[in-house]
1. Hey, how much of the P(r) for the stretch 4-72 falls beyond 14 Å, as a percent of Cα pairs?
2. With a point put 7 Å past each Cα toward its Cβ, work out how far residue 57 is from residue 84 in nm, to one decimal.
3. Hey, what number do you get for the chain at 222 nm if only DSSP H runs of n ≥ 4 count, each worth -39500 (n - 2.57), divided across all residues, to the nearest 500?
4. So if we plug the beta-carbon distance of residue 73 and residue 41 into 1/(1 + (r/R0)^6) with R0 = 41 Å, what FRET efficiency do we get, rounded to 0.05?
5. Measuring from a point 7 Å past the Cα of residue 13 along Cα-to-C-beta, which residues in the stretch 27-64 have an amide N at less than 11 Å?
6. Per the Kirkwood treatment, what hydrodynamic radius in Å, one decimal, follows for the stretch 13-123 from the mean inverse distance over all distinct Cα pairs?
7. Taking the stretch 9-106, which GluC sites (Glu not before Pro) meet the DSSP loop condition and have no more than 15 other C-beta atoms within 10 Å?
8. May I ask you to derive the relative contact order of the stretch 1-121, considering only C-alpha pairs under 8 Å and at least 6 residues apart, and to give it as an integer percent?
Amino acid sequence: MKYCQGPDCHTYKTQDRLKGPKGNKTIQTRRRSHFYYGRGNFCDQRCLYDWVAQYIEQGLDHFGRTTEAKHLTEENAWVKDYDWRGSPDTSHRYFFHNTITKEQRPLTEAQYRDSNYTLNTGE
Ligand SMILES: [Zn+2]
């Protein structure tokens, strides 16, 4: 069991957060075996965004800010795509698409499903 990491989780009044004996109830941080937001650290989107609002500046200062444009080159602009209109027996159903040059190259279904198969050089 773990607690939601939202800094204000305990301030949101919901029935499941209200705990304790009669006359001494408190609204408590949510505690679950599994959460679905923020890599399993937050009970909902509001708590996730509360955390981001509070800590984003510290996080960016700590891990480093982007201070210049990153570049996606033609060599790394290949994405796999899928033509919904293609029939299953045509070889042109799956293809690589270069998002910069617009070039297309055919793919087999096996290559399409192989997450390690890429034309990108990763430079
Ligand atoms: Zn929460």
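Just so you know, all these numbers are worked out from the coordinates, no wet-lab data involved. Note that the coordinates shown come from a computational prediction; the quantities given were computed from them, not determined experimentally. For neighbour counting, all protein chains shown are included, and Cβ atoms are generated from backbone atoms with ideal geometry for every residue, glycine included.
1. Across the stretch 4-72, Cα pairs with separations above 14 Å total 67 percent.
2. 4.5
3. Taken over the chain, the calculation gives -6000 deg cm²/dmol.
4. 0.75
5. 27
6. About 19.2 Å for the stretch 13-123.
7. Sparse-neighbourhood loop GluC sites (Glu not before Pro): 68, 103.
8. With pairs under 8 Å counted, the relative contact order is 17 percent.
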